[in-house]
1. On average, how much area does the Cα convex hull of the chain cover when viewed from any direction, in nm²?
2. Quick one: check the C-alpha center-to-center distance for the stretch 113-174 versus the stretch 233-289, whole angstrom.
3. At what distance in nm do the modelled label points of residue 258 and residue 245 sit from each other, each positioned 7 Å from its Cα along Cα→Cβ?
4. Report relative contact order for the stretch 20-282 in percent, whole number only (criteria: Cα-Cα under 8 Å, sequence separation at least 6).
5. Where does the chain land at 222 nm, in deg cm²/dmol rounded to the nearest 500, when only DSSP H runs of n ≥ 4 count, each adding -39500 (n - 2.57), divided by all residues?
6. How far apart, in nm, are the 7 Å Cα→Cβ label points at residue 231 and residue 104?
7. Hey, with R₀ at 41 Å, roughly what FRET efficiency would residue 128 and residue 12 work out to, going by the Cβ-Cβ distance, to 0.05?
8. Can you tell me, using C-alpha contacts under 8 Å and at least 6 residues apart, the relative contact order of the stretch 97-209 as a whole percent?
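Bear in mind that the values in this text are calculations on the coordinates, not laboratory data. Because the structure is predicted, anything quoted here is derived from the model rather than measured. Neighbour counts run over all protein chains shown; Cβ positions are idealised from the backbone, glycine included.
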């Protein structure tokens, strides 16, 4: 049985007012996993657990991302957003079968984007990239895209042609490793420089060969990106860390926050990632207003 920690000693880095967690999942009771995706995480961590984490870390706003367990059924996501609409936005998982009527329901419910996960268990893969982009662009939505970043050369032309704003998830998720001055990072920089691509700091442990507590291999690339384009970085907790199946593998969220936020070059870059960039990408009201 896995034991998760939702509180403890606070992080050394104090999050700014209006800080946004751009990537988390919640699992409410009564919404079972669907065939084709992974099972629900043990204990089904939901809003009460996440609210503890918010208080622990100093998070003010957040983006609930559709879990792969629920594939393209958005009942769980909409129920969670209904309880948190004042401070939350949602990212769904639409495909070619999603009706216009459901899109309107999602928009009315607080959804501002959709996701593509081209990995085992993902609901919608890169095979539907252009179709999803067309629908997202028409709706004014962003797209969160996740695949093995080691294969970025296979997809860079299609990604460059997207009309929607989009974010590359999980530090690029280079599952076969990458070096900061390699071709893959050069391609990533070009995508970001195109003006529609963001880069998400979340779930560094999912692709690190070096492991914690420093995740030094992921850190090298992330530092490069944070320096190259601080106006295009967002950050997320990746709560409840679904890939952790043992207590020893479950990260301490405060320690992980301190580690990852120290990869930014300065306080200004951190503020951009934690507040301003996420406001723009996910449609939150600016706290400056």
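1. Its Cα hull, projected and averaged over all orientations, spans 13.8 nm².
2. Cα centres, the stretch 113-174 to the stretch 233-289: 20 Å.
3. 3.1
4. Rounded, it is 18 percent for the stretch 20-282.
5. -9500 deg cm²/dmol
6. Result: 3.7 nm between the two label points.
7. So the FRET efficiency works out to roughly 0.45.
8. 23
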